1. Yes or no: Leu425 modelled with pLDDT of 95 or more, surrounded by 15 or more Cβ atoms within 10 Å (Cβ to Cβ) and closer than 19 Å to Asp333 by Cα?
2. Hey, any hits in the stretch 446-453 for a residue that's closer than 30 Å to Leu371 by Cβ and under 28 Å from the mean Cα position of the chain (by Cα)?
3. Give the residues of the stretch 273-288 that are surrounded by fewer than 18 Cβ atoms within 10 Å (Cβ to Cβ) and not polar (S, T, N, Q), sorted by residue number.
4. Is it fair to say Arg444 is more than 26 Å from Pro206 (Cβ to Cβ) and surrounded by fewer than 19 Cβ atoms within 10 Å (Cβ to Cβ)?
5. Can you say whether Tyr329 is touching a strand residue (DSSP E or B) at 6+ places or on another chain (Cβ under 8 Å) and surrounded by 21 or more Cβ atoms within 10 Å (Cβ to Cβ), as far as the supplied structure shows?
6. Which condition number in (1) among the small types (Gly, Ala, Ser); (2) assigned by TED's automatic domain parsing to the domain that holds Ser290; (3) crowded, with 21+ Cβ neighbours inside 10 Å is the one that Ala195 fails?
7. Which condition number does Ala292 fail, the rest of (1) aliphatic (A, V, I, L, M); (2) in contact (Cβ under 8 Å) with a residue 60 or more places away in the chain; (3) surrounded by 15 or more Cβ atoms within 10 Å (Cβ to Cβ) being met?
8. Would you confirm whether any residue within the stretch 416-432 is of a type in the set (Val, Ile, Thr), under 22 Å from Arg207 (Cβ atoms) and touching a residue at least 40 places away in the same chain (Cβ under 8 Å)?
Amino acid sequence: MNSPDVTVDVAIVGSGFAGSILARVLRRQGRRVLLLERGRHPRFAIGESTTPLANFALERLARRYDLPDLHHLSTHGRWLEHLPGLRRGLKRGFTFYRHRRGEPYRNSADNDARLLVAASPDDRIADTHWLREDVDHHLVRRAVDEGVEYLDRTEVDGVRVSDDGVEIEAIESGKRRTFRAGAVVDATGPRGVLARSLAISPGPAPRFCSGLLYSHFEGLRPFAEAAEAAAFEPGPYPDERAAVHHLLDEGWLYVLPFDHGTVSAGAVLRAGTEGDPGTAWARLLAGYPSLAAQFSAARPRFPIRRVERLQYRLSRAAGRRWFVLPHAYAFYDPLFSTGIAWSLLAVERLGRILGAGDEDEEDWRRYDRTLAAEAGQVERLVEAAYRTMDDFELFAAVTFLYFATVSFEEVRQRLVGGATPRGFLGAGDPDREGLFAETVERLRQGRRDGLRAFIERRIEPFDVAGLADPGRRNLYPVDLDVLVARAHLLGLDREAVEAALPRLRGPHPPTPSPSPPTLPSGRGGDS
């Protein structure tokens, strides 16, 4: 084995938000951490939309490891107060519109083609859209300030794992480097460095396939102005202060607004991304008059880019001395903004496993089983949604699987004393896994009749949000009266839930404490 340039406890490849936060978590526990990045910050990245479960994970990490800036990032109001220099967008919920190709968008007073589901009662404690080039850069700088050894412009081209440790071969600014670590974490992306170096085979192939066209845009018109013939009854939040989903015959198109006027937009399509990406984008918009009108004056900040296929999965997520974070392990679709929350849950788990420095076989086997179960839940949910996009009423019912599951878990964690996070999207819970599996199996068999009633009946035992109420006409606010009335679903009485309601607004921030001392190291910081 070559003489290493740097020896550390944990090496993390990839300095996106998950890799940088994990590096800080491990450093707070006294571990010597090397963070490797092939590019250089600030740099563009997609995957921008948070959810309440993601923000709750940020709060837990902030509290457990004394990282106050993570607490500030966890709600729109705290972000504006404490980190105003980092660009972000207000996200009050999920907005869905159903379009028909060749026709202007139409929606009746009953919202037969419009669905709004709020994730927060007001702007102050709302979720956010992350401008990743700002957020990721901030997190890397904080990691360096706290003693993480950081090398950018470093391309990892080989990883060898043995009983004695991990050896990483890389080229940094044209120079060959060798690093040695007790464990390695892949925090990159699709078919990442560990998949290549360790020859990890692909996992089960998903039953659906889609590609992506995307950019950031300036000068986008409000959708209600572009779709002037449609009804837009006031909902629980302004329609476009949300993750906006336009359901199309070919797939769907997202619009994520940032507070400074830029929007992130992309089309997730079953087919039709071939050829020049800009031409494919224009061809898609031309088929939907209201979207074409909305984007008519919008200017892309950079030429439209393409991802030919979004879906992938590895057969393994962990082994002796190595771990893969979710985005390097599996991805299916951004439809329900699952990426940030799932990644942060994995960061919490690896913080506990690797922070102690004594991980054993059961640790990595449990991590591997957990990610496999969670990937299965995400896949089933997205497949069910894709199979119902042609029927908006049935599609709305499928979304209730997601909203009922995540809202129950958030409320349970916040209000039930001592509650700890469970598997993402109910993974590991036989009832939740069974519900998702039976829903998608019915759709595979073409058994649509009665499916909406089946879903509504099965979510009743954990629907603390008041979903599937026809009186709402597809406009669902955060209704605390409903939550109190359904206290029994949490195993609590009304008085206990009423007394605990202030917890829904999140804990107070941790008190800052000095960073741990910097260990002797090789070169760190921005290169």
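The values are calculated or read from the model by the stated rules, or taken from the named source; none is laboratory data. In this text the structure is predicted, and so the values were computed from the model without any measurement. Counting neighbours? That spans all protein chains shown, and the Cβs are built from the backbone with ideal geometry, glycine included.
1. Values: modelled with pLDDT of 95 or more: yes; surrounded by 15 or more Cβ atoms within 10 Å (Cβ to Cβ): yes; closer than 19 Å to Asp333 by Cα: yes.
Against the criterion (modelled with pLDDT of 95 or more, surrounded by 15 or more Cβ atoms within 10 Å (Cβ to Cβ) and closer than 19 Å to Asp333 by Cα), Leu425 qualifies.
2. Scanning the stretch 446-453, I find at least one residue that is closer than 30 Å to Leu371 by Cβ and under 28 Å from the mean Cα position of the chain (by Cα), so the answer is yes.
3. Of all residues in the stretch 273-288, those surrounded by fewer than 18 Cβ atoms within 10 Å (Cβ to Cβ) come to 274-276, 278-279, 282-283, 286-287.
Within the stretch 273-288, Glu274, Gly275, Asp276, Gly278, Ala282, Arg283, Ala286, Gly287 qualify.
4. Working: more than 26 Å from Pro206 (Cβ to Cβ): no; surrounded by fewer than 19 Cβ atoms within 10 Å (Cβ to Cβ): yes.
Here the answer is no, as Arg444 does not meet what is asked.
5. On the way: touching a strand residue (DSSP E or B) at 6+ places or on another chain (Cβ under 8 Å): yes; surrounded by 21 or more Cβ atoms within 10 Å (Cβ to Cβ): yes.
Against the criterion (touching a strand residue (DSSP E or B) at 6+ places or on another chain (Cβ under 8 Å) and surrounded by 21 or more Cβ atoms within 10 Å (Cβ to Cβ)), Tyr329 qualifies.
6. For Ala195, the failing item is (2).
7. (2)
8. Step one: filter the stretch 416-432 for residues of a type in the set (Val, Ile, Thr), giving 416, 420.
From what's left, under 22 Å from Arg207 (Cβ atoms): none.
No.
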